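First comes the structure, then the notes that go with it.
The values are calculated or read from the model by the stated rules, or taken from the named source; none is laboratory data. Here the structure is a predicted model, which means the values were calculated and not measured. Cβ: placed from backbone, ideal geometry, glycine included. Neighbour counts: every protein chain shown.
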Amino acid sequence: MSKKILVGGQAVIEGVMMRVPGYYATAVRRKNGEIDSFRKKNKSIADKYPILKKIILRGAVSLFESMKIGFSTLQWSADKAIEDEEEEVSEENPIWTFLTTAFAFLLAIGLFVVLPLFITTRVFNFEKEALLFNLVAGSQRILFFLVYLWLISLMKDVRRLFQYHGAEHKVVYTFESGEDLTVENSRKFTTQHPRCGTSFIFIVLLISILLYSIIDTIIIMSFGSIGLLTRIIYHLVSVPLVAGVSYELLKLSSRHSDNLITRILIKPGLWLQKITTKPPSDEQLETAIEALKVAFGDNYEKYKGQKYQAEALD
């Protein structure tokens, strides 16, 4: 039996962030060929409030904390990239950071929540048929997401980001297998990981169809109708619930990865990773390895050489 451990990460600009129990670290490749890294202690809010470790709630908390760490590490990697362009790096402006984060958040809401609901409401005439409505809106949401990923994958900088995403997956697989963290060992593993954040997003898109149908049905039965603005508000408020349920399904799939039904369900997420991960270079693998070793710190010797089943979303 493989041991379970919270290990995962994400790609950043010219580098990789890795999370391990109690810490996370980011390593980036500089233009001079050297690797810069930093390590930070990470304590979940669920440790302070145990109720947040309960089923469903832990998924919403995990999503929020992953986003928070992701934004901060992306900012750090961006600063390093600016330094390499020999531009002056100013002190981080919290107002500017808030505005850029808010813009990205609002853009995502507009594209993947508001627009599908608006089109489905204005073009189709079955607002009171909750399941049919959400099947159409959910299909649009998935289509928009696929087109969005495909379009950004054509950009050179994004392609390099996706290569580092592939490097992160290969290195996590190497660690899980119990093999030494070397470039040579990491090369042979696939870039597609069943517990990737890409797979999580796809599960969210599917689960949202079912949960939003239930929510809409309850509202229609209670009030007789549901307007566009009301539907948008209820769907946005329900995002933590959708994320929590999706998180539990992803964890469940990791426990039953050999089950035929599970393999069928996770296939779409793995196919999607053919867009979001690309074969990395040896230098990119080396950067990902450095990120994981720095994250573990002195504890690496305690963890290495054992087989694990990583549970984190990356």
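Before moving on, here are some points about what is shown:
Yes/no matrix, rows are residues, columns are (1) in contact with a strand residue (DSSP E or B) (Cβ under 6 Å, 6 or more places away or on another chain); (2) closer than 23 Å to GLU168 by Cα; (3) not charged (D, E, K, R):
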site: LEU206; (1), (2), (3): no, no, yes
site: SER222; (1), (2), (3): no, no, yes
site: SER225; (1), (2), (3): no, no, yes
site: GLY244; (1), (2), (3): no, no, yes
site: LEU250; (1), (2), (3): no, yes, yes
site: ARG263; (1), (2), (3): no, yes, no
site: PRO268; (1), (2), (3): no, yes, yes
site: PRO279; (1), (2), (3): no, yes, yes
site: LEU285; (1), (2), (3): no, yes, yes
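- Of all residues making up segment 59-82, the number that are within 18 Å of VAL239 (Cβ to Cβ) and either touching a Phe, Trp or Tyr at 6+ places or on another chain (Cβ under 7 Å) or not basic (Lys, Arg) (or both): 11
- Filter pass, LEU252 being assigned to a helix (DSSP H, G or I) and under 26 Å from PHE133 (Cα atoms): no
Conditions tested, residue by residue: (1) among the hydrophobic types (A, V, I, L, M, F, W, C); (2) at pLDDT below 90; (3) more than 15 Å from the chain's Cα centre (by Cα); (4) on the phi > 0 side of the Ramachandran plot.
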residue	(1), (2), (3), (4)
PRO240	no, yes, no, no
GLY244	no, yes, no, no
GLU248	no, yes, no, no
SER254	no, yes, yes, no
ILE261	yes, yes, yes, no
LEU265	yes, yes, yes, no
ASP282	no, no, yes, no
LEU285	yes, no, yes, no
ILE289	yes, no, yes, no
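- ASP36 meets each of the listed conditions (1) acidic (Asp, Glu); (2) touching a Ser or Thr at 6+ places or on another chain (Cβ under 8 Å); (3) under 20 Å from VAL171 (Cα atoms) apart from (2).
- Within segment 16-57, considering residues that are in a loop (DSSP other than H, G, I, E, B) and of a type in the set (A, V, I, L, M, F, W, C), the one farthest from LYS68 (Cα to Cα): ILE55
Residue-wise test of (1) free of Cβ contacts under 8 Å to residues at least 60 places away in the same chain; (2) surrounded by fewer than 17 Cβ atoms within 10 Å (Cβ to Cβ); (3) among the aromatic types (Phe, Trp, Tyr).
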{"residue": "VAL12", "(1), (2), (3)": "no, no, no"}
{"residue": "ASN32", "(1), (2), (3)": "yes, yes, no"}
{"residue": "LYS40", "(1), (2), (3)": "yes, yes, no"}
{"residue": "LEU52", "(1), (2), (3)": "yes, yes, no"}
{"residue": "ILE55", "(1), (2), (3)": "no, yes, no"}
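- Among (1) in contact with a Gly (Cβ under 7 Å, 6 or more places away or on another chain); (2) of a type in the set (S, T, N, Q); (3) surrounded by fewer than 16 Cβ atoms within 10 Å (Cβ to Cβ), the one test that SER139 misses: (1)
- Options GLU168, GLU184; residue that is closer than 25 Å to LYS251 by Cβ and either without any contact (Cβ under 8 Å) to a residue 24 or more places away in the chain or in contact with a strand residue (DSSP E or B) (Cβ under 7 Å, 6 or more places away or on another chain) (or both): GLU168
- Which numbered condition GLY227 fails, given (1) under 23 Å from ALA288 (Cβ atoms); (2) more than 15 Å from the chain's Cα centre (by Cα): (1)
- The selection criterion, being touching a strand residue (DSSP E or B) at 6+ places or on another chain (Cβ under 8 Å), assigned to a helix (DSSP H, G or I), crowded, with 16+ Cβ neighbours inside 10 Å and touching a residue at least 24 places away in the same chain (Cβ under 8 Å), holds for PHE175.
- Whichever residue in segment 93-125 is outside any helix (DSSP H, G or I) and exposed (fewer than 13 other Cβ atoms within 10 Å of the Cβ) and, among such residues, is modelled with the highest pLDDT: ASN125
- Residue list for segment 263-305, filter: polar (S, T, N, Q) and either buried (at least 20 other Cβ atoms within 10 Å of the Cβ) or touching a helix residue (DSSP H, G or I) at 6+ places or on another chain (Cβ under 6 Å) (or both): GLN273, THR276, THR277, GLN284, THR287
Residue-by-condition table, conditions (1) over 22 Å from THR26 (Cα atoms); (2) at pLDDT 90 or above; (3) within 24 Å of the chain's Cα centre (by Cα):
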{"position": "LYS128", "(1), (2), (3)": "yes, no, no"}
{"position": "MET155", "(1), (2), (3)": "yes, yes, yes"}
{"position": "VAL158", "(1), (2), (3)": "no, yes, yes"}
{"position": "VAL171", "(1), (2), (3)": "no, yes, yes"}
{"position": "THR174", "(1), (2), (3)": "no, yes, yes"}
{"position": "THR191", "(1), (2), (3)": "no, yes, yes"}
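- Apart from one condition, ILE233 fits all of (1) part of a helix (DSSP H, G or I); (2) within 23 Å of the chain's Cα centre (by Cα); the exception is (2).
- Residue within segment 210-221 that is in a helix (DSSP H, G or I) and more than 27 Å from ARG58 (Cα to Cα) present: yes
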